[in-house]
Each structure stands twice: as C-alpha cells, then as structure tokens.
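Here's the structure we're looking at; comments come further down.
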There are 2 protein chains.
Amino acid sequence: MGSAVAPELPHPFDPLTPDEIATAIATVKKAHGGNVFFNVVALQEPRKADMTAWLAAPETAARPKRVADVVVIAPGNKVYDALVTLDEPKITKWELLEGQQPIITMEELQLVEHICRKDPRVIEQCVLSGIAAEDMDKVFCDPWTIGYDERFGSSVRLQQAFIYYRPHIDNCQYQYPFDFCPIYDADKKEIIAIDIPKVRRKLSTAPSIDYHPAAVEARGGYRDNLKPINISQPEGVSFQVKGREIEWQNWKLHIGFNYREGIVLNNITFNDKGNVRPLFYRLSLAEMVVPYGNPEHPHQRKHALDQGEYGAGYMTNSLSLGCDCKGSIHYIDANFPTRAGGLRTIKNAICIHEEDSGILFKHTDFRDESVIVTRGRRLIIQQIFTAANYEYVVAWIFHQDGTIQPEIKLTGILNTYAMDPDEDTHGWGTQVYTGVNAHNHQHLFSLRINPNIDGPNNTVFMADAVPSEAPVGSPENFYGNGFYAKRTKLATTGEAMTEYNGATSRSWDMCNTSKLNPFSRKPVSYKLVSREVPGLLPKEGSLVWKRAAFARHAVHVTKYRDDQLWPAGRHVPQTSGEPSRGLPEWIGDGSESVEDTDIVLWHTFGLTHFPAPEDFPVMPAEPMSLLLRPRNFFSSNPVLDVPPSYSSTPSQLLANGSGVLDATDKISKLAFPGGSEDSVSNGTSCCATNGNVNGTANGH
Amino acid sequence: MGSAVAPELPHPFDPLTPDEIATAIATVKKAHGGNVFFNVVALQEPRKADMTAWLAAPETAARPKRVADVVVIAPGNKVYDALVTLDEPKITKWELLEGQQPIITMEELQLVEHICRKDPRVIEQCVLSGIAAEDMDKVFCDPWTIGYDERFGSSVRLQQAFIYYRPHIDNCQYQYPFDFCPIYDADKKEIIAIDIPKVRRKLSTAPSIDYHPAAVEARGGYRDNLKPINISQPEGVSFQVKGREIEWQNWKLHIGFNYREGIVLNNITFNDKGNVRPLFYRLSLAEMVVPYGNPEHPHQRKHALDQGEYGAGYMTNSLSLGCDCKGSIHYIDANFPTRAGGLRTIKNAICIHEEDSGILFKHTDFRDESVIVTRGRRLIIQQIFTAANYEYVVAWIFHQDGTIQPEIKLTGILNTYAMDPDEDTHGWGTQVYTGVNAHNHQHLFSLRINPNIDGPNNTVFMADAVPSEAPVGSPENFYGNGFYAKRTKLATTGEAMTEYNGATSRSWDMCNTSKLNPFSRKPVSYKLVSREVPGLLPKEGSLVWKRAAFARHAVHVTKYRDDQLWPAGRHVPQTSGEPSRGLPEWIGDGSESVEDTDIVLWHTFGLTHFPAPEDFPVMPAEPMSLLLRPRNFFSSNPVLDVPPSYSSTPSQLLANGSGVLDATDKISKLAFPGGSEDSVSNGTSCCATNGNVNGTANGH
Ligand SMILES: [Co+2]
Ligand SMILES: [Co+2]
C-alpha cells in the first residue's frame, strides 16, 4: 500500500505527455508553418480492437500506437482536423472543415473583454446604461459561446459577451449586469453587432452584496464558532498508484483526462475473490447543456454545451491541499497546448482520496444482542471546473461493495440579467437581489457508459416496479399485494430511446446475458439507479432540442464505435442542429441491434434550477448523484471480508464475551467528557441494542 | 462552545424521566392493581396551544403540565388507554378499548421463540422439514406482527412466527428458513394455528455462508489493506447542548425521543442575522410500512408497520463510540417502562456529531484566478433500530445553509423464505443463496412535517417544472426554450392528496403567504425535494392499501390537531383497514381547508427492493434521503459568514497577493510525499485554476 511509482512508457490510455504534445505541435508546424493556432492537441484514444488485444496480452500483443488528435485554426480561419502518429512522427490526417467551429479555448475567451472595453458601440451602450465613458475599466465581460444565431450562421467564429459592472474591482460583477449583448467575431477580433432589448433597463445602483472577506467584515465579520475537524491517515492511504492506474479495495482502473470531458475512467475491473472481472471499458461525463428558460430574444442563445464548447478539461481548476481536498490526497496534473504551440500545465487537476463512509453493514440479533458493525470507505476521484459564472465539482466515488457513484455539486454564481425595480419576471426568472434577474435553467449532463460486464457483449433491460396484473380478489392476487420487476429488453437503438419514470422507480440494467448468477439465475448486471432525471424542458423542435439532441431522452443505447465519444458531435460551437449532430446521426433509423454486443449507454441526468435569493451572490453547493450498482453480479455480499469494528456472536456472549472482536477506533471520543451527570453518558464499550429489560446499563 | 449542562426541570418536550415513568406506573398500580402490563408509558406531548404560549413567554405563561400517556393490558386481556397527570399525580383518563391491540413490546416478542420450540405441532413440522426433534434448540423464531388475518380478527392478540434453523448457534439463521408459519396467541401464550403451504419445501442443507469472523477466517480471512482514517476535534465540538436542546450554526432545536417514532425534533428555529425565525414545530418519521410482494398465502401478512406495531424507539440500538459513530460524539439515552412496571434504559440511544461536508461554496474568476473556497459542516442526529432482520439507520442531517436532510440507510438481513432447488420464484422473489428466496418488498416511510415557516399559518403549493404552453415559432416562445415553475395551491385536504412526478421534478413548497421575500417577492418557503418516491405497489383495495392508507399518496396535508401524530392510527397491530385508521379518518370528505393555517404535511418516500445475491447474508447499507430546503426564505446566501479556507480578490492579486486570506487546513497532506518525479506533484499553496497559459507551474 501507499506507493506512487512512475512507469517508463505512457500507458496507452494516458493523456499525451508534455513531450508528446511538443512533438505533435512541432510536426504540424514543420508541415504547415508556425502561424497556426492549436485548439486541440490531445490523445486520440487507442482503437478499441487494438487496445483490448493489448490489455489481454500486454507481453505479446502490439502496444497501441500513440496518436495525437489535433485541431488547428490556420491563417484565413481555416479549420483542420488532423492526426499525428507520434513515434515516427507523421501527419496521417489533415482535413479541412467547412462551416464547423472547434472548441473555444480559454485564451480565446480571455481576449473578448479587452476588445469590448474599447469598442465605441459598447462604450455607447454602457454610457446609456448609466456609467461614465472613462469607467470602461470597470466593465467586465463573460464571453459565452453564441449557441447558434441564425443571423450569422456557422462560418464566422463568434462569441456573445455578457457585460457586467464592478464599481470596485473586488465587487462581484454578477450583481451589476447590463441589459445588452455584444457579439464578438473571433476571426476579426471585433464586435460585429450588439443585441439591444426594446425595453431598456438601467444599470443597478443597489448597494453591493459581496462574499469577499472585506465585505463580510463590514457586515459584522465571520462566525467564530466552528471548531476544527482534523482528518488524517497516519499509516498512509489504502490505495496504490502506478502512473495513472490505481488499485483500491479490489478496484483497478486507469484515470485519464482530456480537454473535453475532464476525467475519463478506463478499464475498470473488480477483483472478485481472485477473479479479475471487467466492469466498464470507459466512463465519463461526455457532454452537458445548460438551457435557460427565458424565451425573450436573445436569451434563447444561453444554452451552453460547456464540455463541447469550452471543455471540462480546459476549464478545470488547479486543486489545493487542505482547501479543496481534506485528508491524505494524491494529485495528478493535466497538460494542454497553448494556442501558439506552447505547453500549459494545470497542477493538481485531479485529486484522489479516501473517506470514511459511515456504517457499511450492521446487524444485531434482538435475542441476545450479538452484533456485527463494519464501517465503510469510499474512494473519491475529483475535479472542479469553472464555466464562467458556475462551478462544477465532479466526483467519481467508488464504494467497497462494487458501487460507482458519479456525483456533481453545483456551486459558483448564477448567470444574471438586468431588471428594473418594478419589472415582472413573468415567471422566467427570479429577482435574487435588487436589479438582478436570474433566469430559470436546467443543468443536464450526459453520462457515457461503455459497459464491459464480464465481457464486451452486453444488453440493456429497462426495469419497472409494477403491481401484479391480477385484480384484488383473484386467485393469483387475492390480497392484492403482488408486485414484480417488469423487464423490457432494449433490443435496438430505436427501442432504447427511453424516458425516466419516477412512479415505477425505473432503472436500466446493463446485463451480460451469457453469464447467469449462480443463485438468482439472472444475468450478471450493473444497474443504473438515477433519480434526478428531469425531461428536457425546451420543446420538441426548439433550438436546444435540435442542438443538444442527447438530452431528448433519459437513455440512449448505441453500438460501440471508436470516436463516437461526444453525443452532441465532435465540433459543437455554432452547430445549427439541422441536422442534429452526434447521437441522432449514429442512431439513424433506429433499427440497429444493440443486443448482446459492445454497446454504449448514454444517460441524461441533472436538475432544473429555479433561482432564489439563497443562491446569491454565491451558491451553497447543491449535489446530485446517481449509482451504478452490481446486481446479480456477485454471488454474495462482496464486503464480508472488510474488518468489522466490533463483532460478537451468540456463542461468545454465552462464554461471557470471550473471543469478541473489538477493533473500535480509539481516536473517537465523547463530545463532553465528564459532562453533566444525567444527560451525558460515558461511552460504553460497544454496540449494544434495545437495552436490558431488567436493568439500566448496557454495553457488553 | 462545547458544554453540556443539565437543566433543573424537564423541558416540556422532554421524554418522561425515569422518575416520571415510575410515578406514572405507581399511580396506575395503586388504582388498578399490580397485575397490569405496561405497553406504553410515554410523554403525552404538551397541547400545542399551551406549548406555544409558554415558548413565547416562558417567564410568565403557565408551564405545560407533564402528562403520561399510558397503555395497559390488564388481566383478562383488557386494553386501556390512560393518562396520568404527573405533578399531582392523578389518573385523568382510563378508557377500555374494544378490539384494538396496542404496540407489541420487545418483551412480548422475546417470548414466542421459547413457546414455539416446545409446541408439539411446531416440532412435528420441523421434523417433517428435515431436522431431528431433539434439535429444537437450533430452531429460532422471528415473531412478527400478524398484520391482519381475517380468520382471527382483532380481538385476540396475535403474532406470526417466522421459523429458521441454525446448524451451529453462530450461523446466520436467515439462510435456513422453514416453509411453515405458526400463529401465536399472546393472551394464551400458545400456538393456535400453523399455516402450512400446499407444496412443501425441505430445509436447506446448503453449506453455510456467514458473516461472523470465524466464517470469514475460514474463507481466507479479512482484507489487510485498509489504513486507518482518524477524525478528531482537538478544540472540541461546535455545538452546545442544554438538556435536550441543541444549538449549532444558527440552528436551535429540541431533540425528543419516543417509543414509537424514535427521534422527534421540535421547535426548530434558525437565527437569521439575529432574528430567530421559526421553521418547524415538529419533525419525525411517523410511520412506515414494508409490504412484501409475493401474493401467495400467507405472505400477504408480511407488511410490517414497524413503528406502529413495534416502535422505532423500543427497537433502537445502544450506540457505541468509534464504531457506530466516529469523531467527537454526544449521546442521549432513552428510558422506557418494562412490561411489569420497571425501567428500561437504552444507553446512547441517540448520537450527535459534526462532519466535514466538503466544499460549501467556491468560485474562481477565470480572468485572474481570484478565488474563494469555503468548506462546509453538517450536524448529524442519529439512531439505529433493528426490526427483526432489518436495520434502519436514521439520520437527521442539518446543513449550515438551512437545509435539513433526513437520511435513512437500510442494512441488516433480508427476510427470507424456503425454496426448493429448482423452484421458480415466478418473479415474486429472488434466490439469493441456495434454498433462500428473498421476496420483493418496499420500504415506505411517512415523514411528518408540522411546518412553522415564519409562523404557524402556512400553505402548501405543488411546483412542477413545465415548458411554456406557447408553441415553438410563436411570438411568445419563438425559439421554444421557455419554461417555468407551475405552482398549484393545495387548498383543501382533498386537493392535497398528490403523487410524485419525476418528469416535472415535482416538489412541494411549504409557504407563509403573508411574508414575501424582499427580492423575489415570493412567499418565504421551505421546499420538499424528494426523489425516492415509489408508488404503493399493493393495489387499490388490497389489504396493505387499506391498513397503510398513508402510503397511497406521496403527499397528504391535514390541519394540525393535537394527537394526530401517527398516520396509520394510534393502535396499529391487527387493524383490518375497514375502515382505514389515521389519515383517512382525519381527511374525511376532503373539504377541510388547509390554506393559511396550522398544517401537517405527510410525505411518503422510500424504495422498492428487489433482492439480489449482493444483499446476502447481510446487506451493504443502501441510503436514501430527501431535502427540506429554504427557498425565498433568506434574503441571500445564509452562509457567507462561514470562514473561507482561502480567499483572494482581484485587488490582492494585483498587489502580489498581499492580504490574501489563507486558512488552509495544515493537517491534510500529500498521499505520497516525495513520490515519483513526474506523477506526484508538490502541494501548491492554494486554489489556482486553469493553469497559466504561458508557463507550467501554478498556484499563487
Ligand atoms: Co443552476
Ligand atoms: Co429491503
């Protein structure tokens, strides 16, 4: 336990190393000149056929080649998709794209504010809104992808600029939104239009409400009644790391990271009593969309597909010990190109740590109070990314019992818009502070699951909890209590487009129908248990419905194909949705079989956010999560061998406690040792139940 | 912070003290003789009118009287409901009940096994099933409430006995179920009938699968790769306790406990910047039902209403430091009568502690990487109760932001039934181990909420996230993205019987319509956000549907009345459901107004459990939870004054970091300090984001 050894060669799933990024860049520059911008230099993931052959026989099979997936903007705003084979090195693909816009980099975003501040028409609008022309250094701009604007199409590279004001440099700008919206041309580096509402709204002059320390001090200061909680692992952590492969509590997996999805987990296996069983070939958050619900122009353009348009990797935070992460932490960095062809390293892009997870299992026999209590652990692999105003804390939580729990916490700041003091929001938003309208929106994520449940050939079944069809009083259901799990096989891509049903606790089972559990005789499976599954609220035929087609259904299933990674398409900015990219292209007429084959399950989950003043000026983190649970996969509870904190058996109790296992944590203590006589108890030794019916004291 | 002072007089919400229990018992015995059994001697909660008057003016208003609620079984199996005013003391009510059975105590349960073992017909059935008559000491019996059996009615006090075998005293009996079911008469203390299935099943002779240490050692022993995680609060805890009143992070509440519901939380308030605002008068889990879905006789009787029939207080565990609870823990005991009139104390019935809860809020400005990151805390008030085979871990989690999160974890052991090797379960159950059929079932809980949102007059609105009614292309919704929260007022008890709708992310808002948020101008409210809300699967008209009427709907709302505490009625065992007790009686024709008045919201939540081998022989804990969230209640984020771990502002960064707030936890450390060169990073100071586009390193 507790080592971190760097391997010699990159693992085929590893992101490109700094050297590899440099090689790819140099190769492209050599062939196409130095005046190109690198929007993407990333690993082209190994072809699955090559990779599975190598994973099966790493000593004998060919090691998959290292290939760079490169997206370049060359002079004349020409966009190229390229591949560079790195060991030679050699450009094997160089394809000009027409009318497609690659992902927007942080560097591109950074430029817009400076140009807005100098644009005469923007200055004019700021002055009209109530500020002095010489105060343009107090004007700030959050550039967003434009979504799609039919007036400008897809050929010109655009951003829309949300404009805010900071009376003081440290003010939270989102409390002072302007009402107009400049449109920025990234090719020309200039503002080409401004959307101005018919009814104008003045800039708010409300007193500021800030979250920074000086503001809190001015309001009376910080609370002083929080005592520290210390978490430590004096003997080290329980996981082992070799490069980017991690082993922990029978789990083994590879932790990748890319510009787009951020964390990517590959080749997840579980050691089941010595038998290493494959579970998932690849898991990631593959796309997301945040549609806003105000139908007034131009708010329909607010529906960022943050991962395809900016990248959850590009936007990720550098994490910090004792601050973002508490305990004993392992970090992994991320490496990306700069646009000009340099290297950008994000230190501590991923954090990994263990947590106590409370009681793993417990049972007390009511007869004699014989008891077992075992505490659980979880492993957390986490990143945090900042999408302009919002923060997303993405955690992949692994439990000892074989459950994987992706969890997302939303925090950060609401996107805001100006409102007049007596304006009616018409229900499309909420005034969260004087002059600040926060519009309704959804946060919808696409979880991409390539299952490998005891092998690559899997089938998805939908399961609904339903009553017996037989009526009350009939012989088959006389007392009316019969119910069962109704299973529906999703045999084709068309059948697999399915919705959530809360009333039937609907779940989806990824099954290997060739392997039956020895006891239940049901196929081994992992169950997708997800309860935060709102429907896409933009209507059928709407702009969002067309562009973010993956969000139309809670579940899609497709046949696995290399490079079908991102369900809104490869190049997302400024797609019109006509036709819809990604999933609808892959699904076609819906006739393809997804039965007993290598499949991908795409799951849309998330939440609908109606803002309230509690969310302002910064939001307390709101979590949502789902579970991938082994069902009929193991032949029994897989955590029976986790050491208990305490165990007594009937025979031990009959022998006056001889042989009782007491591994109680000795660090824990009473909150008020030696407190008042009658309300504070002495910590008894362990784990009694129900009291002694004749006496008063308890414990063993 | 950090004191525990015992007050002089019991708080009016306090459970009866040992002295008060003794007084009540002595008073009853003096009047009615010593030969009575005490099923209940508990606090009759103070009348709300008296209590609110006293809470408003404790110095001048009359202190509510201490009254004992007593249920007695007198010779001749006569059941009496009684009240004893304790300060005189005096019996003020003594009412004979006809055809009603009071709660079954642990002592009554303990008797059944001994009688089963000696009953000739039970012995005969055991022998028929395959064991020797002299092995009856290896036969064990879990007595359950009989539910309702129309052959026997409600006048005779009954239990049904689930019979199991232990080849060795330490074996888990649930792997060796018998197929027959004796019925026990608690009045006569004898077996009066045995339900024997038409098709017989032999006792399993499969090898045992146990979870006790000797069994684990025989299978290869415990895993040895878990390193300790220590959690400590060297400066003490952040909460204060006075008797059973607790204050923590602006919260204040009283922690009660009764035989029936276990933990009861009263008079919950939140100090909002000096203004103590009432939130909830009373919160509890008021009832539950666990219907099993096998329609074959006599399994319809398996639908325990565990709280009404056995009591979540009576069944509660004595908790133990460092085992059930980790960190710095405060415990509270519970006191109950014995049946004969003694005292039974459960030490450490309630545990209370704080936990780090991860990031409370974070935001990074992408321009300059100015950042704030603040960690959160939660307070956990917890009990664990054992209902025969199952364990329920009930936690009331309080968050700093005003959210209350009731959480229930299910663990323990499945209820099991015999099955033959090649038997078809017909989908009503799962073979979880050789010869062990675990039937489908639901765990449905009734959360009772008496809101007090800025005062007692509240109204419930149902909120659904729905698209704009206007079609795509219409002027009102041209791009089709409009959506809003549709609110439906639940004005009467009839209108308030409502179901969950996952597709619209349905929630229920408890509002004070007389108080509007200053910014949103919406009523101050607490929102019930609950996503584990299966419908009741036993059909309309079924036995369960009649007996557990509270489970018919996700939400009921009634007008508050003293003593309307338990939605399946006061005395639950052997109710026929004709008529249904509790909620349906109180709701009547559904015409009563529940608008702008003192109301109770009853929420049914839980899960449907289709067993799998992973759940056997003991279940890894499965959690479910819901949220009560302040919405439009506070005028801004209520946790802005929680000290951040790190904060830097734009002006501080321009001043080279001067004035940056760094309160990073110094205990946390790298998992692999001084690990490998390229994969292990040095913990940078704090909280950078996005990398530096020109260089490699980061941090501040
Ligand atoms: Co949001
Ligand atoms: Co269950």
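Answer with one residue from A:VAL290, A:LEU305, A:THR205: the one whose Cα lies farthest towards the positive end of the charge dipole of chain A, charges on Cβ with Lys, Arg +1 and Asp, Glu -1. The residue sitting most towards the positive pole is A:LEU305. Per the Kirkwood formula applied to alpha carbons, segment A:11-90 shows a radius of gyration over Rh ratio, Rg over Rh, of 1.06. With θ taken as phi - 60° and the Karplus curve 6.51 cos²θ - 1.76 cosθ + 1.60 applied, the whole-hertz 3J(HN,Hα) list for segment B:461-473 is 10, 8, 10, 10, 7, 9, x, 3, 6, 6, x, 4, x Hz, x standing for glycine and proline.
For A:SER636, neighbours were defined as the other residues whose beta-carbon sits under 12 Å from its Cβ, and their charges (Lys and Arg +1, Asp and Glu -1) total -4. For segment A:148-215 and segment B:243-315, what is the separation of their Cα centres, given in Å? Here the two parts' Cα centres lie 49 Å apart. Summing charges over neighbours of A:GLY482, with a neighbour being any other residue whose Cβ is under 11 Å away from its Cβ, gives -2 when K and R count +1 and D and E count -1. Across segment B:4-97, Cα pairs under 8 Å and at least six residues apart give a relative contact order of 26 percent. Comment: the Cα-to-Cβ extended label point of A:GLU107, at 7 Å, lies 8.1 nm from its counterparts in the other copies, nearest first. Which trypsin sites (Lys or Arg not before Pro) in segment A:418-487 sit in a loop by DSSP (not H, G, I, E or B) and have at most 13 other Cβ atoms within 10 Å of their own Cβ? When the trypsin sites (Lys or Arg not before Pro) of segment A:418-487 are filtered for loop state and at most 13 Cβ neighbours within 10 Å, nothing remains. The same position A:ASP563 in the other copies lies at 7.7 nm from this copy, comparing label points 7 Å beyond Cα toward the beta-carbon, shortest first. Take each residue in A:483-491, count the other chain C-beta atoms within 10 Å of its C-beta, and the mean is 4.
With its label point put 7 Å out from Cα toward Cβ, A:ALA214 sits 7.2 nm from the same residue's point in the other copies, in order from shortest. Phi angles across segment B:180-185 convert, under the Karplus curve 6.51 cos²θ - 1.76 cosθ + 1.60 with θ = phi - 60°, into 3J(HN,Hα) values of 10, 9, x, 10, 10, 9 Hz, Gly and Pro given as x. Across segment B:340-353, coupling constants 3J(HN,Hα) worked out from phi with the 6.51/-1.76/1.60 Karplus curve, θ = phi - 60°, read 7, x, x, 10, 10, 10, 9, 5, 6, 6, 10, 10, 9, 7 Hz, and Gly and Pro carry x.
If R₀ is 41 angstrom, what is the calculated FRET efficiency for the pair B:ASP368 and B:ASP562, using the beta carbon separation as r and rounding to 0.05? Before the final figure, lay out the partial values.
Details: r = 60 Å, r/R0 = 1.46.
In this case the efficiency is close to 0.10.
For the protein assembly as shown, the Cα gyration tensor yields ellipsoid semi-axes of 54, 37, 30 Å (square root of five times each eigenvalue, largest first, whole Å). Cα centroids of segment A:555-597 and segment B:404-432: how far apart, whole angstrom? Segment A:555-597 and segment B:404-432 have Cα centres spaced 39 Å from each other. Only lysine pairs 8 or more places apart or on separate chains count here, and in segment B:106-218 those with Cα atoms under 20 Å apart total 4.
Explain nothing, just the number: relative contact order of chain B, from Cα pairs under 8 Å at least 6 residues apart, as a whole percent. Working shown, then result.
On the way: 1610 pairs, mean separation 88.4, N = 700.
Worked out over chain B, it gives 13 percent.
Cα centroids of segment A:448-483 and segment B:436-452: 20 Å apart. Electrostatic bookkeeping for A:VAL466 treats Lys and Arg as +1 and Asp and Glu as -1; over the other residues with beta carbon under 13 Å from its beta carbon, the sum is +2. Its DSSP H runs of at least 4 residues, each contributing -39,500 (n - 2.57), put the calculated 222 nm mean residue ellipticity of chain B at -3000 deg cm²/dmol, to the nearest 500. Axis between A and B by rotation; chain A residue with nearest Cβ and distance in whole Å recorded as A:GLY502, 1. When the alpha carbon coordinates of segment A:400-550 are projected onto the principal axes, the ranges are 66, 45, 36 Å, largest first. This model, with +1 at the C-beta of Lys and Arg and -1 at the C-beta of Asp and Glu, gives segment A:106-218 a dipole about its Cα centre of some 400 debye. Cross-link pairs exceeding 19 Å in C-alpha to C-alpha distance, out of A:LYS65/A:LYS90; B:LYS273/B:LYS527; A:LYS302/A:LYS546; A:LYS227/B:LYS326, comprise B:LYS273/B:LYS527. Per-residue mean of foreign Cβ neighbours for A:497-506 is 5 (Cβ atoms of other chains, 10 Å radius).
A P(r) calculated from all alpha carbon pairs of segment B:520-652, with 10 Å bins opening at zero, reads 9, 26, 28, 19, 12, 5, 2, 0 percent.
According to the Kirkwood expression over distinct Cα-Cα pairs, how big is the hydrodynamic radius of chain A, in Å? Present the calculation step by step, with values, prior to reporting the outcome.
Values: mean 1/r = 0.0354 Å⁻¹.
Over chain A, the inverse of the mean reciprocal pair distance is 28.2 Å.
Normalised by 2.2 N^0.38 Å, where N counts its residues, the alpha-carbon radius of gyration of segment B:144-223 equals 1.48.
Quick note: the coordinates plus some simple rules give every number you see, no bench work behind them. Keep in mind it's a predicted model, so treat the numbers as computed, not measured. Virtual Cβ from ideal backbone geometry, glycine too; neighbours counted across all protein chains shown.
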